[in-house]
Amino acid sequence: MLISKKGEEEMSQEPLRTFSNKNLQELKSIYVGNELLLFRTLADKDNINEAVIVYLNSLVDEKRLNQQILRKMNMDLRMNDGPTGEVLLESLHTLGDVNILTEIDEIENHLADSNFVLFIEGYDEAFGMKLPGFETRAIDEPQIELNIRGPREGFTEDLQKNLGMILRRMKSKNLKAKSFLIGQESQTKVMILYLSDRVDHEVLDELCQRIDSIHLDVLSDSAQIEEWIQDSTFSPFPQILNSERPDRVVTAMNRGKIVIMTDGTPNALITPSTFFEMLHPSEDQFERFYFANFLRIIRLLTLIVSLIGPSFYIAFTTFHLEMIPTPLLMTFLSAKAGIPFPTFIEALIMEVAFEVLREASMRLPRIMGQSVSIVGALIIGEAAVQSGIVSRPMVIVVAMTGIASFTIPSYNTAISLRLLRFPLMFLSALSGMFGLSVGMFIVIFHLCSLRFCGVLFLDPLGSEGYWSAMKKFFLPPVKYKEGLHSEGSRPNVSRIQSQKYRGKDWE
Amino acid sequence: MCQGYNHKNIAVRIGNSLKNFVRFSLLCLCCMSLAGCSPDVNEISDIALVTATAIDYNADTKKYTFSAFCVMPSNTSQEKSSTLTPWISSASGKTPLDAARKMRSRVGKNLIFQHNKFFIISESAAKLSLYEVMDYLTRKREFRISAYPIIAPGQASDILKLSTESGDMLPNDLLGQVRNNKLSGQIKPLTIKDFVDLFENPNRGFVSGRLKVKSSETSDKKILFLNGGAVIYKQKFAGWLEGNDVWTLNALSGKKYWRNIEFNEVINSNDGLEFSALFHVKESKIQGNIQNGSPRLSIYLKFSASVEDLNEETDVGDSGVTLQMERAASNYLEKSVEKSLKHFQKDLKIDVLGLSDYYLQYHPAAWKLIEKDWESLYPMIPVKVHVAVQFEKYGMSTSIKERL
């Protein structure tokens, strides 16, 4: 099932020599100054190391190495009279999977990948065995994508554990995995997973090329991959969905998506993603379709509110007073009396204050963060009004906008909407609804122009018929959805998305 | 389709994108500095809302007086309860525009007319200079065409100073009265849009809202209320109509006027039974023809009704009794409609029902022949009124007398 691949380009390859001392000296010269490289001699004869184990401290489980592997090898050496090399190899094979290494580069890679390597005098090969000894976080509930109903486990920083979580859920023979090593120095393992019968192979080929083209010294998070492979570098919108939930990843693969898993980060990337997928959390699958669809509509509304809420307020109360119903305008009149700032400045103060508080409460430890939010809310909500700096309706607008942005499940998308809110506010203050309309035209044109590997970012809008789009946007009951699958029309498969745009230039 | 990644090309492409991005960002920064610089900015804290306007015309000086009922907050934002202070601003000028501009220039706030609901036009202005006033009101975009032009006897600016029975602000109270017209049907509140549509027609007149002043029944102050109508004919005020006539007019106008109206009447039956009933127009139809150059008309009105109270024990379940009640109600309403029509034809001699429009629409050839004589023909048109009343509800109790 798994297709392994030597990811990095072949560098200068130095073959091993039969004299283990020579090999060790070469290894020492490579790791000069690195005190983490440890040597454990198993047997020596006439000042010649007949067998030496080499490993990088902290990466290998020393306790197991000492108590199980070295003890057993020493015991076998004492009890058997045969040649040292043969005895040791036989002993090693009984302890686990042995990798035969013939080049220095291979040894370097294996040492970095928490292997210990056994050098035996007279052999032009070394023998590696994986014995990871570093601690990893236990599987925990996802911190960002919280669900009321549904699976509770989330990805960790350990790629193997994450893969295990996915494979446990998806046992299909069509599940394929392809690995890459990214980062000149970090040599981080990256895997792409997909279902071969559902994936769009053109998108897959393109994605592989893009991942191959990544040239980084250190890959510390999947965000770097995301930035590197996305089509539009300067777009404020994230074009690739990230998730820390294995169930979501499995659902995505079932829809023909390609999943990129990176070692050292709990965030899997799901490609090709569309804008509307970022508005739908995995929980939609676990709720009754009425409620799920109701929430989808609510989220669309909150999307609009979070993007243009303050801009609307500025435009209406500064340029288009005739559009406000008379009783409401009278309330606004009373509420705004004595406020020294223009509405736009008022909105700007409140929005910036809100963002500052949000950021502060997020960066602080959780307990302190809560108290900062409470104090901040008090300052914004009451003190600012009492001191006559901002009006009450403005507090409501900013609070509503802020809360609305929190309903968007994708954190990245919520950030982009929050960012876009500011230029739209400026445009509203410049020329009212006209400015806001111009701003929204720019945003919508930009969204329409976005693609990922040829797949429309706004899919299903514009790529399919009205009914197909409705089927994709709204969640049908499971039975109905399965019926659609059996008829051969999979409404959510990305292959369909790119078929319409076959031949489009990625660039 | 899939193109290989040439790093040099990528670098060039990213460089170009970066340049565009920087240019776009600089443009955005420039735009940001312009925020709030528009001359159209109207800060909410600098405005006063005009909710009613009075327009007077002095025939001697030939000057218009523009008075505005303005509202502005009297509290500060820190106070929890919001209060609004009404005040009246007034100015005179040679034209309506001149008066309005003078008035605006004398107040310390930007007057916003978009929320103005009523234009109270004095009788003198309506008689002598209605065209100029309506022309000004329809030319300016800031006056909403959904506002109600209302004719009032005496000085219109004085009316703005009067209080209402509820104690609410004048425009709010008047708006409530317009809404409550469905309870009596005795108001004909035309919007500026409808007013202007009918204004130019030389053959027919129309009825607009009328404001009355009366003494309060609970206190000694004078209060305002909407009742009856003002007849406009040939772009001038031509007379007043009382509430009952306006009711007939509403019943014989378009469905939008009578659809929601439910009025009550006290009916006396021949056998001494007196009962009150609520009536609702179900169908209203005017049919006419022209025979030998003389037009004739038939009016058909259907009402649904519900009995609300009776003066004596009556078995309303008996079909004979209900039939008699229906006949009595039909006769009563028929006479009421005939009386109003007689007033329109014989006293006013103005086609307020729009019969000329009916003939133009349904008998265009004959209309051409009678058009020039319409003014003399109209009072002579024989009109036959047919009213049918059907009682649909008689209440929950048939008798309140104790059964032995």
Response to the item:
The condition from (1) at the interface with chain A (Cβ under 8 Å from one of its Cβ atoms); (2) part of a helix (DSSP H, G or I); (3) surrounded by fewer than 16 Cβ atoms within 10 Å (Cβ to Cβ) that B:Ser45 misses is numbered (3)
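Do you know which of the residues in region B:48-64 that are buried (at least 23 other Cβ atoms within 10 Å of the Cβ) and of a type outside the set (Phe, Trp, Tyr) is farthest from A:His320 (Cα to Cα)?
Step one: list which residues in region B:48-64 are buried (at least 23 other Cβ atoms within 10 Å of the Cβ), which gives B:49-57, B:64.
Subset that is of a type outside the set (Phe, Trp, Tyr): B:49-56.
On the way: B:Leu49: 13, B:Val50: 15, B:Thr51: 17, B:Ala52: 20, B:Thr53: 21, B:Ala54: 25, B:Ile55: 26, B:Asp56: 30 Å.
My answer is B:Asp56.
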Item to complete: Can you work out which of the residues in region B:20-42 that are part of a loop (DSSP other than H, G, I, E, B) and at pLDDT 80 or above is farthest from the other protein chains (Cβ to nearest Cβ)?
Response: B:Pro39
Worksheet item: Only one residue in B:Ser397, B:Ser336, B:Ser340 is out of contact with any Leu (no Cβ under 8 Å at 6 or more places or on another chain) and modelled with pLDDT of 90 or more. Which one?
Response: B:Ser336
Worksheet entry | Residue among A:Ile314, A:Ile304, A:Ile297, A:Ile308 that alone is more than 25 Å from B:Ser38 (Cβ to Cβ) and in a helix (DSSP H, G or I) | A:Ile297
Worksheet item: Does A:Ile304 satisfy the criteria of being more than 14 Å from every other protein chain (Cβ to nearest Cβ) and buried (at least 21 other Cβ atoms within 10 Å of the Cβ)?
Response: no
Worksheet item: What pairs can you find where one residue is in region A:336-358 and more than 7 Å from every other protein chain (Cβ to nearest Cβ) and buried (at least 18 other Cβ atoms within 10 Å of the Cβ), the other is in a loop (DSSP other than H, G, I, E, B) and among the hydrophobic types (A, V, I, L, M, F, W, C), and their Cβ atoms are less than 7 Å apart, with a gap of 6+ or different chains?
Response: A:Glu346/A:Ile339; A:Glu346/A:Val390; A:Met350/A:Val390
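Looking at region B:245-267, which of the residues that are out of contact with any helix residue (DSSP H, G or I) (no Cβ under 7 Å at 6 or more places or on another chain) and not in a helix (DSSP H, G or I) is nearest to B:Asn331 (Cα to Cα)? Give the steps one after another, and end with the answer.
Here is the first cut: in region B:245-267, the residues out of contact with any helix residue (DSSP H, G or I) (no Cβ under 7 Å at 6 or more places or on another chain) are B:246-247, B:249, B:252-256, B:259, B:264, B:266.
Checking the rest, the ones that are also not in a helix (DSSP H, G or I) come to B:253-254, B:259, B:264, B:266.
Numbers: B:Ser253: 21, B:Gly254: 23, B:Arg259: 22, B:Asn264: 15, B:Val266: 12 Å.
Only one residue tops the list, namely B:Val266.
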Item to complete: Return yes or no: is A:Pro236 more than 14 Å from chain B (Cβ to nearest Cβ), part of a loop (DSSP other than H, G, I, E, B) and closer than 20 Å to A:Asn412 by Cβ?
Response: no
Item to complete: Search region A:431-489 for residues being modelled with pLDDT under 90, surrounded by fewer than 11 Cβ atoms within 10 Å (Cβ to Cβ) and among the aromatic types (Phe, Trp, Tyr), and hand back the single one that is farthest from A:Ser232 (Cα to Cα).
Response: A:Trp467
Worksheet entry | All positions within region A:430-442 that are over 13 Å from A:His320 (Cβ atoms) and at the interface with chain B (Cβ under 8 Å from one of its Cβ atoms) | A:Leu430
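Looking at A:Val203, is it β-branched (Val, Ile, Thr), surrounded by 20 or more Cβ atoms within 10 Å (Cβ to Cβ) and part of a helix (DSSP H, G or I)?
On the way: β-branched (Val, Ile, Thr): yes; surrounded by 20 or more Cβ atoms within 10 Å (Cβ to Cβ): yes; part of a helix (DSSP H, G or I): yes.
Yes; evaluated as a whole, the condition is true for this residue.
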Response to the item:
When region A:220-262 is checked residue by residue, the ones that are over 22 Å from A:Cys448 (Cα atoms) and of a type in the set (Asp, Glu) are A:Asp221, A:Glu244, A:Asp247
Worksheet entry | Residue list for region B:184-207, filter: in contact with a helix residue (DSSP H, G or I) (Cβ under 9 Å, 6 or more places away or on another chain) and closer than 17 Å to B:Ile261 by Cβ | B:Ser184, B:Gly185, B:Gln186, B:Ile187, B:Lys188, B:Pro189, B:Leu190, B:Val207
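Could we say that A:Glu283 is part of a helix (DSSP H, G or I), over 19 Å from A:Gly439 (Cα atoms), within 14 Å of another protein chain (Cβ to nearest Cβ) and modelled with pLDDT under 90 here?
Numbers: part of a helix (DSSP H, G or I): yes; over 19 Å from A:Gly439 (Cα atoms): yes; within 14 Å of another protein chain (Cβ to nearest Cβ): no; modelled with pLDDT under 90: yes.
Against the criterion (part of a helix (DSSP H, G or I), over 19 Å from A:Gly439 (Cα atoms), within 14 Å of another protein chain (Cβ to nearest Cβ) and modelled with pLDDT under 90), A:Glu283 does not qualify.
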Practice prompt. Can you tell me which residue among A:Arg418, A:Arg392 is buried (at least 17 other Cβ atoms within 10 Å of the Cβ), within 14 Å of chain B (Cβ to nearest Cβ) and within 26 Å of A:Phe316 (Cα to Cα)?
Written response: A:Arg392
Item to complete: Determine the pairs where a residue that is in contact (Cβ under 8 Å) with a residue 24 or more places away in the chain, located within region B:370-386, has a partner that is assigned to a loop (DSSP other than H, G, I, E, B) and polar (S, T, N, Q) with Cβ atoms under 6 Å apart, the partner being 6 or more residues away or on another chain.
Response: B:Trp374/B:Asn203
Worksheet item: Of the conditions (1) without any contact (Cβ under 8 Å) to a residue 60 or more places away in the chain; (2) assigned by TED's automatic domain parsing to the domain that holds B:Ala152; (3) touching a Phe, Trp or Tyr at 6+ places or on another chain (Cβ under 7 Å), B:Cys31 fails just one. Which one is it?
Response: (2)
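With the structure loaded, tell me whether B:Ser340 is touching a Ser or Thr at 6+ places or on another chain (Cβ under 8 Å), surrounded by 14 or more Cβ atoms within 10 Å (Cβ to Cβ) and of a type in the set (S, T, N, Q) or whether it fails that test. Break it down stepwise before answering.
Values: touching a Ser or Thr at 6+ places or on another chain (Cβ under 8 Å): yes; surrounded by 14 or more Cβ atoms within 10 Å (Cβ to Cβ): yes; of a type in the set (S, T, N, Q): yes.
Answer is yes for this residue.
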Worksheet entry | Scope region B:92-124; condition under 22 Å from B:Leu211 (Cα atoms) and away from chain A (no Cβ under 14 Å); matching residues | B:Pro96, B:Phe119, B:Ile120, B:Ile121, B:Ser122, B:Glu123, B:Ser124
Practice prompt. Could you tell me whether B:Ser306 is closer than 30 Å to B:Val231 by Cα, in the same structural domain as B:Gly272 (by TED's automatic domain parsing) and hydroxyl-bearing (Ser, Thr, Tyr)?
Written response: no
Response to the item:
Within region B:125-147, residues being more than 20 Å from B:Arg104 (Cβ to Cβ) and within 14 Å of chain A (Cβ to nearest Cβ) number 2
Worksheet entry | Residue under evaluation A:Val250, criteria (1) touching a Leu at 6+ places or on another chain (Cβ under 8 Å); (2) within 15 Å of A:Phe155 (Cα to Cα), criterion not met | (1)
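Given the condition of a type in the set (Asp, Glu), within 20 Å of B:Leu174 (Cβ to Cβ) and in the same structural domain as B:Leu175 (by TED's automatic domain parsing), answer yes or no: does some residue in region B:197-206 qualify? So that I can check it myself, show each step before the final result.
Start the filter on region B:197-206 by keeping residues that are of a type in the set (Asp, Glu), which leaves B:197, B:200.
Add one more test, that the residue is within 20 Å of B:Leu174 (Cβ to Cβ), and what stays is none.
The answer is no; no qualifying residue exists.
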Item to complete: Please give the number of the condition B:Ser17 fails out of (1) at pLDDT 90 or above; (2) surrounded by fewer than 17 Cβ atoms within 10 Å (Cβ to Cβ).
Response: (1)
Worksheet item: So, of the residues in region B:49-94 that are at pLDDT 90 or above and charged (D, E, K, R), which turns out to be nearest to B:Met169 (Cα to Cα)?
Response: B:Asp56
Worksheet item: Looking at (1) in contact with an Asp or Glu (Cβ under 9 Å, 6 or more places away or on another chain); (2) assigned to a helix (DSSP H, G or I); (3) without any contact (Cβ under 8 Å) to a residue 24 or more places away in the chain, which is the only condition B:Arg179 fails?
Response: (1)
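In this structure, is B:Asn110 under 28 Å from A:Ile339 (Cβ atoms) and not hydrophobic (A, V, I, L, M, F, W, C)?
Numbers: under 28 Å from A:Ile339 (Cβ atoms): yes; not hydrophobic (A, V, I, L, M, F, W, C): yes.
So B:Asn110 passes the test.
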Worksheet item: Taking B:Gln361, is it part of a helix (DSSP H, G or I) and loosely packed, with under 12 Cβ neighbours inside 10 Å?
Response: yes
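The values are calculated or read from the model by the stated rules, or taken from the named source; none is laboratory data. Since we're looking at a predicted model, the values are computed, not measured. Reconstructed Cβ throughout: ideal geometry from the backbone, glycine too, with neighbour counts over all protein chains shown.
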